[in-house]
Amino acid sequence: MSQTPPSKALSRGLAIIALLAGKPNGMKLSEIARQVGISKSSTYRLLQTLIQDGFATQDEDSSRYRLTLKFLWLVSDLIEGLGLDHVVRSTLEELGRVTGETIHMALLDGTEAVYVEKIDSPNSIRMYSRIGKRIPLHCTGLGKAILAYLPERTVREIIATQGLPQRTPNTITDERTLFEHLQRIREQGYALDEEEHEKGIRCIATPLFDHNNQVVGAISIAALAFRVDQEQLLSWQPQLQASAQKITSALQNHFLRAE
């Protein structure tokens, strides 16, 4: 049995990575093989290599393959090496100074989002959130800001996989209501979490986009509900939007120059 030349295997592996990067819900083996244009057996071997090296995973229930956050850590190292890490961190810190509240940044990973940055509020009562923690999309400000800009088919796939579990009495648990809510988010440019994920916590969030104008994450201002009302949150929306645009522009400008 002949072996695939290393250069061709690398090219095919990169093609699989590029394909899966745009599929947060993952894909089945047959779909990947068909779109990349190679046999299922070759596709399977390449996917197993990615899994063994920690770059991909296979869902037990759906048999779908998707990329892991190991790519996120590589990108984080790249951003730090390019000096973009300073732009991100300094922008979020400035937003924290202006508002005096907790600032989060999360990136989409499969059917959830993951905290990648956090600026703590100087207030004595702090929130339980940490870098690396996974959060649902349907009931968090960060998650809804991301969902609103994903293709409808992708959103439906996420709902089919994750459901719409109720976390508080304010959680949206009806699919039609959620889609109407996402439409309003697109019209407004921001998402609100009115104690939908955790009682006593409200936040405002806005999306981040990559150089292909695809949503990749979001940033938010989160506060204790007894201390900050919705009117106060909305008063910070211009600063939140400016911060998101600054981070998005830094990423887009770099990768456009690199192409």
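Confirm whether residue 202 is out of contact with any His (no Cβ under 8 Å at 6 or more places or on another chain) and either within 13 Å of residue 141 (Cα to Cα) or in contact (Cβ under 8 Å) with a residue 60 or more places away in the chain (or both).
Yes, satisfied.
Kindly check whether there is at least one residue in segment 101-116 that is hydrophobic (A, V, I, L, M, F, W, C) and either at pLDDT below 85 or not assigned by TED's automatic domain parsing to the domain that holds residue 222 (or both).
Scanning segment 101-116 turns up at least one residue that is hydrophobic (A, V, I, L, M, F, W, C) and either at pLDDT below 85 or not assigned by TED's automatic domain parsing to the domain that holds residue 222 (or both).
Please determine whether any residue of segment 187-197 is within 24 Å of residue 130 (Cα to Cα), at pLDDT below 95, aliphatic (A, V, I, L, M) and surrounded by 14 or more Cβ atoms within 10 Å (Cβ to Cβ).
no
Anything in segment 1-22 that is of a type outside the set (A, V, I, L, M, F, W, C) and either in contact with a helix residue (DSSP H, G or I) (Cβ under 8 Å, 6 or more places away or on another chain) or modelled with pLDDT of 80 or more (or both)? List them, or say none.
Of everything in segment 1-22, those that are of a type outside the set (A, V, I, L, M, F, W, C) and either in contact with a helix residue (DSSP H, G or I) (Cβ under 8 Å, 6 or more places away or on another chain) or modelled with pLDDT of 80 or more (or both) turn out to be 4, 8, 11, 12, 13.
Would segment 157-164 turn up any residue that is surrounded by fewer than 18 Cβ atoms within 10 Å (Cβ to Cβ), farther than 17 Å from residue 114 by Cα and acidic (Asp, Glu)?
No, the conditions are met nowhere in segment 157-164.
I'd like the full set of residues that are surrounded by fewer than 15 Cβ atoms within 10 Å (Cβ to Cβ) and touching a helix residue (DSSP H, G or I) at 6+ places or on another chain (Cβ under 9 Å), limited to segment 46-58.
Answer for segment 46-58, where residues must be surrounded by fewer than 15 Cβ atoms within 10 Å (Cβ to Cβ) and touching a helix residue (DSSP H, G or I) at 6+ places or on another chain (Cβ under 9 Å): 49, 53, 54.
Looking only at segment 123-140, decide whether some residue is of a type in the set (Phe, Trp, Tyr) and closer than 18 Å to residue 248 by Cβ.
no
List every residue pair whose Cβ atoms sit under 7 Å apart, with the two residues 6 or more apart in sequence or on different chains, where the first one lies in segment 140-154 and is more than 16 Å from residue 115 (Cα to Cα) and assigned by TED's automatic domain parsing to the domain that holds residue 198 and the second, anywhere, is surrounded by fewer than 24 Cβ atoms within 10 Å (Cβ to Cβ) and among the hydrophobic types (A, V, I, L, M, F, W, C).
So the pair list comes out as 148/182; 148/185; 149/215; 150/215.
Here is a yes/no grid of residues against (1) more than 28 Å from residue 102 (Cβ to Cβ); (2) at pLDDT 95 or above; (3) in a helix (DSSP H, G or I):
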site: 126; (1), (2), (3): no, no, no
site: 129; (1), (2), (3): no, no, no
site: 139; (1), (2), (3): no, yes, no
site: 145; (1), (2), (3): no, yes, yes
site: 149; (1), (2), (3): no, yes, no
site: 158; (1), (2), (3): no, no, yes
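The values are calculated or read from the model by the stated rules, or taken from the named source; none is laboratory data. Since the model is a prediction, treat every value here as computed from it, not as a measurement. Cβ sites come from the backbone with ideal geometry, for glycine too, and all protein chains shown count toward neighbours.
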